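Undergrad: Below is the structure I would like to discuss, written out as structure tokens.
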Amino acid sequence: MQGRISLPTLCHFLLPWAFTTFHRALGDSAPHPGPHYLLPPIHEVVHSRRGATTTLPCVLGAPPPSYKVRWSKVEPGELQETPILITNGLHARGYGPLGGRARMRRGHRLDASLVIAGVRLEDEGRYRCELINGIEDESVALTLRLEGVVFPYQPSRGRYQFNYYEAKQACEEQDGRLATYAQLYQAWTEGLDWCNAGWLLEGSVRYPVLTARAPCGGPGRPGIRSYGPRDRKRDRYDAFCFTSELSGQVFFVPGRLTLSEAHAACRRRGAMVAKVGHLYAAWKFSGLDQCDGGWLADGSVRFPITTPRPRCGGLPDPGVRSFGFPRPQQAAYGTYCYSE
């Protein structure tokens, strides 16, 4: 009969719709057509340095009739996002400690890019630009990555003294923050070889090995050895800290000084005794090379080498050498000072 739809024809039209509805109900990752309004970023990773002004791009291909854009930061190792800024295209409101340094770029009417001034170590991470239009929300994700250097750290009491929270505080006291796995991996590709396990920002404990050997996990392939996630309050290890370029400079003051005399020597020069992170950053970014042990603020004695040579640490690779933690009253070293 003309105008009547047969059962096979009806199934042909209804089954795709039914399967799509079924998959969505189960939360299945069915193919998504992608953003309708937001354009995908050309580069998902934005590189910057501490102290710089950087832009995280987010651009609309077309403006919806009514919308808001919300920027947030995805906190590593935690199932939460921290709001940074919300705008309706005309007015913007910042949130949290980063909100005061964040603004919309507004290069044109479709521009929702985020500008962060005075980039800090804690700004590194993953960000989300979310378009809220009341119908179907869309988002794009970007990663802000800082150029920096990873350094292992342990206190004067010896190795494996920190729980996670103490390791986090120790890095911050040395002008750094706990390194991420990606930062540790990058440092390993650049030559970091260290046998002591340390906390990372995500809450895991790992250590990088370039030359497999018996005291360092035994034979096997080079790589990042892992203890996996550990109890953040109970378990104790060292820390892997991350720092980036300095706004000031590190310089060496020669002499045979005690630790208190080292502090006085730096103060007379309008400076402070350098922290461990200061010295590593000066070695990494300014090429500081000094074959003389000097006091640092934590009571350790270290020196930076960019050009290895005989009688200057005895190791074939560049790095920051350590004399450990001598007695503070021992008058045998110069000092490294830091001035803004």
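The values are calculated or read from the model by the stated rules, or taken from the named source; none is laboratory data. What you see is a predicted model, and the numbers here were worked out from it, not measured in a lab. Counting neighbours? That spans all protein chains shown, and the Cβs are built from the backbone with ideal geometry, glycine included. The protein model used for the area step is the full one, side chains on, heavy atoms only, and it has no ligands, DNA or RNA in it. Shrake-Rupley method; radii C 1.70, N 1.55, O 1.52, S 1.80 Å.
Undergrad: Checking Pro208 against (1) part of a loop (DSSP other than H, G, I, E, B); (2) surrounded by 22 or more Cβ atoms within 10 Å (Cβ to Cβ), only one condition comes out false. Which one?
TA: Result: Pro208 fails condition (1) only.
Undergrad: Here's another thing I want to ask about it. Can we say Cys216 is outside the structural domain of Gly191 (by the TED database) and surrounded by 13 or more Cβ atoms within 10 Å (Cβ to Cβ)? Working first, answer last.
TA: On the way: outside the structural domain of Gly191 (by the TED database): no; surrounded by 13 or more Cβ atoms within 10 Å (Cβ to Cβ): yes.
Spelling it out, it is not the case that Cys216 is outside the structural domain of Gly191 (by the TED database) and surrounded by 13 or more Cβ atoms within 10 Å (Cβ to Cβ).
Yes or no, residue by residue, for (1) hydrophobic (A, V, I, L, M, F, W, C); (2) in a strand (DSSP E or B); (3) open to solvent by 50 Å² or more (accessible area, probe 1.4 Å):
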| position | (1), (2), (3) |
| --- | --- |
| Ile42 | yes, no, yes |
| Val46 | yes, yes, no |
| Gly51 | no, no, yes |
| Pro63 | no, no, yes |
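Undergrad: Can you find even one residue in the range 246-260 that is within 18 Å of the chain's Cα centre (by Cα), at pLDDT 95 or above and either assigned by the TED database to the domain that holds Arg159 or surrounded by fewer than 15 Cβ atoms within 10 Å (Cβ to Cβ) (or both)?
TA: For the range 246-260, residues within 18 Å of the chain's Cα centre (by Cα), at pLDDT 95 or above and either assigned by the TED database to the domain that holds Arg159 or surrounded by fewer than 15 Cβ atoms within 10 Å (Cβ to Cβ) (or both): absent.
Undergrad: Within the range 79-94, restricting attention to residues that are of a type in the set (A, V, I, L, M) and part of a loop (DSSP other than H, G, I, E, B), which residue is farthest from Tyr67 (Cα to Cα)?
TA: Taking the range 79-94 as the starting set, the residues that turn out to be of a type in the set (A, V, I, L, M) are 79, 84-86, 90, 92.
After this cut, where a residue has to be part of a loop (DSSP other than H, G, I, E, B) as well, the list is 79, 90.
Values: Leu79: 26, Leu90: 11 Å.
Only one residue fits best here, namely Leu79.
Undergrad: Could you look through the range 186-204, keep only residues that are part of a loop (DSSP other than H, G, I, E, B) and under 16 Å from the mean Cα position of the chain (by Cα), and pick out the one that is modelled with the highest pLDDT?
TA: Taking the range 186-204 as the starting set, the residues that turn out to be part of a loop (DSSP other than H, G, I, E, B) are 190-197, 200-203.
With under 16 Å from the mean Cα position of the chain (by Cα) added as a condition, the list becomes 200-203.
Numbers: Leu200: 97, Leu201: 94, Glu202: 92, Gly203: 94.
The selected residue is Leu200.
Undergrad: Within the range 249-270, can you find the residues that are touching a helix residue (DSSP H, G or I) at 6+ places or on another chain (Cβ under 8 Å) and either among the aliphatic types (A, V, I, L, M) or within 20 Å of Ala52 (Cβ to Cβ) (or both)? Working first, answer last.
TA: Going residue by residue through the range 249-270, those that are touching a helix residue (DSSP H, G or I) at 6+ places or on another chain (Cβ under 8 Å) are 249-250, 253, 255, 257.
Those that are touching a helix residue (DSSP H, G or I) at 6+ places or on another chain (Cβ under 8 Å) and either among the aliphatic types (A, V, I, L, M) or within 20 Å of Ala52 (Cβ to Cβ) (or both): Gln249, Val250, Val253, Leu257.
Undergrad: Inside the range 317-340, can you point out the residues that are under 22 Å from Gly248 (Cβ atoms), in contact with a Leu (Cβ under 7 Å, 6 or more places away or on another chain) and not aliphatic (A, V, I, L, M)?
TA: Within the range 317-340, Tyr333, Gly334, Thr335, Tyr336 qualify.
Undergrad: A further question follows. I'd like to check something: does the range 17-39 contain any residue that is assigned to a loop (DSSP other than H, G, I, E, B), modelled with pLDDT of 90 or more, open to solvent by 40 Å² or more (accessible area, probe 1.4 Å) and under 17 Å from Thr143 (Cβ atoms)?
TA: We begin by selecting, within the range 17-39, every residue assigned to a loop (DSSP other than H, G, I, E, B); these are 27-37, 39.
Then keep just the ones that are modelled with pLDDT of 90 or more; that gives 39.
Those still in the list that are open to solvent by 40 Å² or more (accessible area, probe 1.4 Å) too: 39.
Next, only the ones that are under 17 Å from Thr143 (Cβ atoms) stay: none.
There is no residue in the range 17-39 that is assigned to a loop (DSSP other than H, G, I, E, B), modelled with pLDDT of 90 or more, open to solvent by 40 Å² or more (accessible area, probe 1.4 Å) and under 17 Å from Thr143 (Cβ atoms).
Undergrad: Going by what's in this entry, would Gln183 be described as under 27 Å from Glu75 (Cβ atoms), open to solvent by 50 Å² or more (accessible area, probe 1.4 Å) and assigned to a helix (DSSP H, G or I)? Full working, then the answer.
TA: Values: under 27 Å from Glu75 (Cβ atoms): yes; open to solvent by 50 Å² or more (accessible area, probe 1.4 Å): no; assigned to a helix (DSSP H, G or I): yes.
Answer is no for this residue.
Undergrad: Need the failing condition index for Pro8 against (1) modelled with pLDDT under 90; (2) in a loop (DSSP other than H, G, I, E, B); (3) open to solvent by 40 Å² or more (accessible area, probe 1.4 Å), just the number.
TA: Status for Pro8: all satisfied but (2).
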